[in-house]
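Let me begin by presenting the structure, written as structure tokens, before commenting on it.
The values are calculated or read from the model by the stated rules, or taken from the named source; none is laboratory data. Quick caveat, the model's predicted, so the values are computed rather than measured. Note: ideal-geometry Cβ built from the backbone for every residue, glycine included; neighbour counts use all protein chains shown.
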Amino acid sequence: MVVSWPTLEFVGLRPTTRMKKTYSKKTDLKKKNELKAQVSAALAACEDKKAEQISVLEMDQNSGAFTDYFLICSGTNSRQVQAISDEVELRLKRAGLYPNNIEGHRQAEWVLIDYVDFVVHIFSETARKYYDLERLWKSAKKIEPAAFVVKPRKRIAARPRTKKPA
């Protein structure tokens, strides 16, 4: 990571801007793959608990979104909504990722689990139709859940060592 410092025209003044962090391409790719793996784990948890109408939205950087991905799904009743929420939380805790905030678990109409880089929305059927997040965030790119799989990196086969004659 390279940190660029703001320049000062007057000696002795404190900078009024924050330092800007710039990452290398390698770091960006690694972070994006980790994020996709985390969202994929949450997606698998939703599928295992029979969530319906699962969709993943990749938020546009220019849209003013506060996160990179939305995972949106719905359950048929309040118990299923809570079960989906519990499973997502449990799977990601096992992976070492803890939510920043959880809201709506008790009411189970709209459960929001905030992981900062992505947000999981679990709706009841009526709340999903009422709020219609896909329409609200129509500028976001919709990604099919089946296509949202982390691709493993290809490994290069090691060359066998040859002993040099002594």
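Suppose we filter region 32-63 for residues that are modelled with pLDDT under 90 and under 18 Å from Y131 (Cβ atoms); how many remain?
Summing the residues that are modelled with pLDDT under 90 and under 18 Å from Y131 (Cβ atoms) in region 32-63 gives 2.
Being hydroxyl-bearing (S, T, Y), under 21 Å from L35 (Cα atoms) and in contact (Cβ under 8 Å) with a residue 12 or more places away in the chain is true for just one of S74, S63, S124. Which residue is that? Steps first, answer last, please.
Working: S74 fails: under 21 Å from L35 (Cα atoms); S124 fails: under 21 Å from L35 (Cα atoms).
One residue alone meets the criteria, S63.
Considering only region 68-81, state which residues are among the polar types (S, T, N, Q) and surrounded by fewer than 14 Cβ atoms within 10 Å (Cβ to Cβ). Spell out how you get there, then give the answer.
Of all residues in region 68-81, those among the polar types (S, T, N, Q) come to 74, 76-78, 80.
Within region 68-81, T76, N77 qualify.
Return the pair list, or none, for Cβ contacts closer than 7 Å from residues in region 32-50 that are in contact (Cβ under 8 Å) with a residue 24 or more places away in the chain to residues that are among the acidic types (D, E) and buried (at least 16 other Cβ atoms within 10 Å of the Cβ), at least 6 apart or on different chains.
From region 32-50, the pairs are L35/D68; L35/D117; A45/E87; D48/E87; K49/E87.
Filter region 35-57 for residues that are charged (D, E, K, R) and surrounded by 16 or more Cβ atoms within 10 Å (Cβ to Cβ); which is nearest to P99 (Cα to Cα)?
Within region 35-57, the first condition is being charged (D, E, K, R), and the residues that meet it are 36, 47-50, 52.
Remaining after also requiring surrounded by 16 or more Cβ atoms within 10 Å (Cβ to Cβ): 36, 49.
Working: K36: 16, K49: 19 Å.
My answer is K36.
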